[in-house]
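The values are calculated or read from the model by the stated rules, or taken from the named source; none is laboratory data. Everything numeric here is computed off the predicted structure, so don't read it as measured data. Positions of Cβ are generated from backbone atoms using ideal geometry, with glycine treated the same way; all protein chains shown enter the neighbour counts.
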Amino acid sequence: MPGSTIDLLLDVELPVTVRFARNRMVLGDVMRLTRGSVIDLGRTADEPVEMLVNGRVVARGQAVVVDGNCAIRITEVVG
């Protein structure tokens, strides 16, 4: 049988999310947001960001810029 089960899974697409922070806001505050509004995320810029795959944290790392694009430098893989 050519290939293996893992080979079939390697092509499955899953949603990937990068979470910089979380914040709760009341609807009234959300409705007042305009272009240029600033939302305090309650964290420092050097704190790790989380990478979620299918809603589960799989890694943490640093937000970096590579060739003008946002990227993540993975510093920890969550088991």
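Here is the figure for the range 7-44: residues that are modelled with pLDDT under 90 and not in a loop (DSSP other than H, G, I, E, B) total 3. Taken together, the criteria place Glu47 among residues that are surrounded by 11 or more Cβ atoms within 10 Å (Cβ to Cβ), at pLDDT below 95, out of contact with any helix residue (DSSP H, G or I) (no Cβ under 8 Å at 6 or more places or on another chain) and in a loop (DSSP other than H, G, I, E, B). Of the residues Arg60, Arg73, the single one that is in contact with an Asp or Glu (Cβ under 8 Å, 6 or more places away or on another chain) and either of a type in the set (D, E, K, R) or assigned to a loop (DSSP other than H, G, I, E, B) (or both) is Arg60. For first residues located in the range 32-43 and within 10 Å of Ala21 (Cα to Cα), partners that are at pLDDT below 95 and lie 6+ apart or on another chain with Cβ distances below 6 Å form the pairs Leu41/Ala21; Leu41/Asn23; Arg43/Ala21. Once the range 51-69 is narrowed to residues that are in contact with a strand residue (DSSP E or B) (Cβ under 8 Å, 6 or more places away or on another chain) and over 20 Å from Glu13 (Cα atoms), the residue that is surrounded by the fewest Cβ atoms within 10 Å (Cβ to Cβ) is Val65.
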